[in-house]
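Undergrad: Here it is, the structure in full.
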Amino acid sequence: MALSEQYLEEDIHPIDIVEHLAAHHDWEFDRIGDDQIAMAVEGQWRTYSITLAWSGYDETLRLVSTFEMEPPEERLSGLYELVNAMNDQCWAGAFTYWGAQKLMVYRYGLVLSGGQVACPEQIDTMIRAAVLSSERYYPAIQLMVWGDRSPHEAMQVAIAEAYGRA
């Protein structure tokens with residue numbers, strides 16, 4: 001059964017769908033309020049803190065995925081150059097570094113204007129894209145920040161998306 005089949009007959013709140021997905025995947029989660037949920041999703045390199053929030057005002061489901069990072073001050077300009085290179089390769093979502101909070105952040109917003117409803121597959125894809133993008137670029141970030149590599153050299157280790165089957 002597809003994830004969305006049980007929602008065909010009803011109009012369901014996007015955060016309710018996220019809660020169902022988190023339970024389905026056995027992710028730790030905390031329903032912060034009616035319009036927000038936080039979860040921990042384990043990747044190969046890190047455990048990512050992911051928050052999804054629904055804004056009825058602009059009809060957008062916002063995803064913010066973070067992991068802690070405290071680069072040395074002298075590596076910040078290279079990190080910002082690396083983040084720009086990473087974003088050039090991301091078609092959905094974008095990375096930024098929040099220096100005050102010491103967090104690497106991946107953000108994405110799904111606009112559902114005009115009463116559109118997100119299906120579970122769309123939301124699951126959003127979450128997976130956040131984790132996969134972070135996993136793809138994590139080694140590059142490590143090499144640039146702590147391995148004394150240039151942003152260009154670090155990007156050479158970014159794992160490309162795989163297509164097809166082996």
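Undergrad: Provide, as a two-decimal number, the C-alpha radius of gyration of the stretch 114-160 over 2.2 N^0.38 Å, N being how many residues it has.
TA: 1.64
Undergrad: Let me see the P(r) profile for the stretch 37-130: every Cα-Cα distance counted, bins of 5 Å, each bin given as a percent of all pairs.
TA: Bins of 5 Å from zero give 3, 12, 21, 23, 19, 12, 7, 3, 1, 0 percent of pairs.
Undergrad: Tell me, what is the FRET efficiency for residue 84 and residue 28 to the nearest 0.05, using R0 = 35 angstrom and their Cβ-Cβ distance as r?
TA: The computed FRET efficiency comes out at 0.60.
Undergrad: For the chain, what is the calculated [θ] at 222 nm in deg cm²/dmol (nearest 500), taking -39500 (n - 2.57) for each run of four or more DSSP H residues and dividing by its residue count?
TA: Result for the chain, helices only: -11000 deg cm²/dmol.
Undergrad: Sticking with this one: Accessible area of residue 148, 1.4 Å probe, to the nearest 10 Å²?
TA: That residue has around 120 Å² of solvent-accessible surface.
The values are calculated or read from the model by the stated rules, or taken from the named source; none is laboratory data. Just so it is clear, the structure is predicted and the values come from calculations on it, not from any experiment. Here Cβ is always computed from backbone atoms with ideal geometry, including for glycine, and neighbour counts include all displayed protein chains. Only protein heavy atoms, including side chains, enter the accessible area calculation; ligands, DNA and RNA are left aside. Shrake-Rupley method; radii C 1.70, N 1.55, O 1.52, S 1.80 Å.
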